[in-house]
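The values are calculated or read from the model by the stated rules, or taken from the named source; none is laboratory data. Here the structure is a predicted model, which is why all the values come from computation and not from measurement. All Cβ positions, glycine included, derive from the backbone under ideal geometry; neighbour counts span all protein chains shown.
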Amino acid sequence: MVPITDQTMAAIEYAMNALTVRSEQIANNVANSEVPGFQASRVSFEDQLLRALEGSDLGGVIGPEITGTGDPSDAIGNNVNIENEVVEMMETNLLQQAMVEAFNFKAGLMRSAIGGA
């Protein structure tokens, strides 16, 4: 049996995986918010996903990019800003929910197309 795949489902899968990486990175930032010298990181993938979708080829898209925030450090050399991390996590959670809804909608369309309920 050949799996049913398409660009939309591949984009949703990529986004969900990248959002998981982002959630893990945010959790790492928060866990290390009191560690001297720790530098927070961010995960970005949206530009890569957009370029892949514009080119109609998700096969060549690379994984999410992890970079330092570049935010200023405090007295102990740590640059984690808890308020920023909380906002980033809330945004990430909303995006994850949107991807789940998009997946469910697409799966419902496919189910209807093959005569399912």
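Would you say Gly70 is over 30 Å from Pro36 (Cβ atoms), out of contact with any Ser or Thr (no Cβ under 9 Å at 6 or more places or on another chain) and modelled with pLDDT under 95?
For Gly70, the condition - over 30 Å from Pro36 (Cβ atoms), out of contact with any Ser or Thr (no Cβ under 9 Å at 6 or more places or on another chain) and modelled with pLDDT under 95 - is not met.
Is it the case that Gly77 is at pLDDT 95 or above, surrounded by fewer than 16 Cβ atoms within 10 Å (Cβ to Cβ) and farther than 26 Å from Ile114 by Cβ? Yes; evaluated as a whole, the condition is true for this residue.
Could you check the stretch 38-54 and list, in sequence order, the residues that are among the hydrophobic types (A, V, I, L, M, F, W, C), over 24 Å from Pro72 (Cα atoms) and under 12 Å from the mean Cα position of the chain (by Cα)?
Leu49
Out of curiosity, is Thr20 closer than 26 Å to Arg111 by Cβ, among the β-branched types (Val, Ile, Thr) and modelled with pLDDT of 95 or more? Spelling it out, Thr20 is indeed closer than 26 Å to Arg111 by Cβ, among the β-branched types (Val, Ile, Thr) and modelled with pLDDT of 95 or more.
Before we move on, is Ala52 farther than 26 Å from Arg111 by Cα, modelled with pLDDT of 95 or more and among the aliphatic types (A, V, I, L, M)? Judged against the criteria, Ala52 is not a match.
Scoring Ala102 on the criteria (1) farther than 13 Å from Ala15 by Cα; (2) outside any loop (DSSP other than H, G, I, E, B) leaves a single failure, condition (1). Does any residue of the stretch 89-99 turn out to be within 16 Å of Ala10 (Cβ to Cβ) and modelled with pLDDT of 95 or more? Looking through the stretch 89-99, at least one residue is within 16 Å of Ala10 (Cβ to Cβ) and modelled with pLDDT of 95 or more.
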